[in-house]
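Data first, discussion second: the structure below is written as structure tokens.
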Amino acid sequence: MADHYEVLGVARDASEDEIKKAYRKLARQLHPDVNPSEDAAERFKLVTHAYDVLSDADSRRRYDAGGDEGAGFGGFGGFGDIFETFFGAAGGARNARPRSRRERGQDALVRVTLELDDVVFGVHRDIEVDTAILCETCQGSCCQEGTSPVTCDICGGSGHIQQQVRSLLGTVVTTQPCGTCEGYGTTIPYPCGTCNGQGRVRSRRTVGLDIPAGVETGLRLQLPGSGEVGRAGGPNGDLYIEVAVAPHSSFSREGDDLLATLEVAMSDAILGTSTTVDALDGAVELEIRPGVQSGDVLTIKGRGITPLRGSQRGDLRVGVQVVTPTKIDGKQRALIEDFAKRSKAPGPRLAEFHQGLFSKLRDRFRNS
């Protein structure tokens, strides 16, 4: 084991003051914050351990006699002296920075319900938000007019106070926030009466929002800097808009496409016809070919939803549901029976099962 006097570079009869000066000089050179090398770190432990032993009269006496070193703890003692070496007697408190009263405001979340029509091209909404805004009386200073914060006379403006604690590790200096000024370094003797010294008040305000086309339920839009103002006039947080799209009586959505069901009379399905469909953005003509079947899908290009990112609109896909009459008179029955005889259609039979692309539409047909 290295000789503690050699580690510190002092004579065996060195005085307490000489030992302390030697330790301070070496600590300034070897402290990890100054010298990050591994060799310096190991030497720093040895130097600190040597000083921890030799700076205590009892442990030095035992060491000189060749006995137990006593106060040494492998280089982890003497923290009080380390603070004194680098910061002075009250260094921790003098160099710690006080807290800033200005804090960033919290984010705010508002939920907005849209109609499916709004999603096609986007929509503008004015939204009422209950949030914190800047106090107009003090403009965020937190003080009454004509007054200002004053330096805390307990911590001297540092926002922290220092305490020395004796422990097994020696004298440990701890730094903690000042209880008088709450770590701000200043106090407000005359707080603003409007905001009670907070620099902000609760209020309702209107936020204009342009909601883009193509949004979906659950999507959140972010408006940076539109949330709550921070304490003492600190920067605003962000405002998040969570979108919910209400169900529509005639249309549903699949990606950027709109889906709808069109009921077609049996006669029109046989002979074919044309009709007008009221889409979300206006009427559109739709041709129904002769012989159309239930479950067939007619596509109208470019009449769906404008995507959130892009400009190519989706399609309007119309699923056909052929409606079979449930009540007919005798003449109608005779005509249908004559048609059946002439068509020589095969009787009912099982067909090949086919799970098509538009099974969702077929499910809707079955449940309608």
Report summary line: Residues meeting the amide H criterion for residue 108 (H placed from the backbone, H to H distance under 5 Å, 5 or more places apart or on another chain) are 228, 238, 239, 240
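By how many nm would the segment from residue 285 to residue 145 grow when fully extended, if each residue of separation counts as 0.36 nm and the alpha-carbon distance is taken off?
Taking residue 285 through residue 145 to full extension adds about 43.4 nm, to one decimal.
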Query raised in the report: Which Cα, out of 307, 321, 252, lies furthest along the positive dipole direction of region 250-336 (beta carbon charges, K/R +1, D/E -1)?
Result: 321
Requested in this report: Could you please put 206, 273 in sequence from largest to smallest accessible area, using a 1.4 Å probe?
Outcome: 206, 273
Query raised in the report: Which stretch or stretches of region 178-215 have amide N atoms under 15 Å from the point lying 7 Å from residue 97's Cα along the Cα→Cβ direction?
Result: 184-185
**Report entry** Qualifying lysines (Cα of each under 22 Å from Cα of residue 25; at least 8 residues distant if same chain)
**Finding:** 45
Requested in this report: Please state the charge dipole magnitude for region 223-289, taken about the Cα centre, from unit charges on C-beta atoms (+1 on K and R, -1 on D and E), reported in debye and rounded to the nearest 20.
Outcome: 260
Report task. Calculate, for region 203-272, the solvent-accessible area per residue in square angstrom, rolling a 1.4 angstrom probe over the heavy atoms of the protein chains. Result -> 46
Report task. Pop a pseudo-label 7 angstrom from the Cα along the beta-carbon direction at both residue 15 and residue 275 and give the gap in nm to one decimal. Result -> 11.1
Query raised in the report: So if we plug the beta-carbon distance of residue 301 and residue 242 into 1/(1 + (r/R0)^6) with R0 = 35 Å, what FRET efficiency do we get, rounded to 0.05?
Result: 0.60
Report summary line: Counting sequence-distant residues (5 or more places) and residues on other chains, those with an amide H built under 5 Å from that of residue 160 are 178
Requested in this report: Place the peptides 333-346, 252-265 in order of packing, highest mean first, counting for every residue the other Cβ atoms within 10 Å and averaging per peptide.
Outcome: 252-265, 333-346
Query raised in the report: Given the protein chains as shown and a 1.4 Å probe, how many square angstrom of residue 101 are accessible, to the nearest 10?
Result: 50
**Report entry** Rounded Å value of the spacing that divides the Cα centres of region 110-140 and region 1-58
**Finding:** 65
Query raised in the report: How many nm is it between the label spots at residue 344 and residue 121, if each spot is 7 Å from the Cα in line with the beta carbon?
Result: 5.6
**Report entry** Straight-distance crosslink candidates among lysines, where the alpha carbon sits under 25 Å from residue 301 and sequence neighbours closer than 8 are dropped
**Finding:** 360
Query raised in the report: Given labels modelled 7 Å from the Cα in the Cβ direction, how far is it in nm from residue 65 to residue 311?
Result: 9.4
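The values are calculated or read from the model by the stated rules, or taken from the named source; none is laboratory data. What you are looking at is a predicted structure, and each value in this text was computed from that prediction instead of being measured. Glycine gets a Cβ as well: all are built from the backbone with ideal geometry, and neighbour counts include every protein chain shown. These area figures cover heavy atoms from the full protein model, side chains too; ligands, DNA and RNA do not enter into them. Shrake-Rupley method; radii C 1.70, N 1.55, O 1.52, S 1.80 Å.
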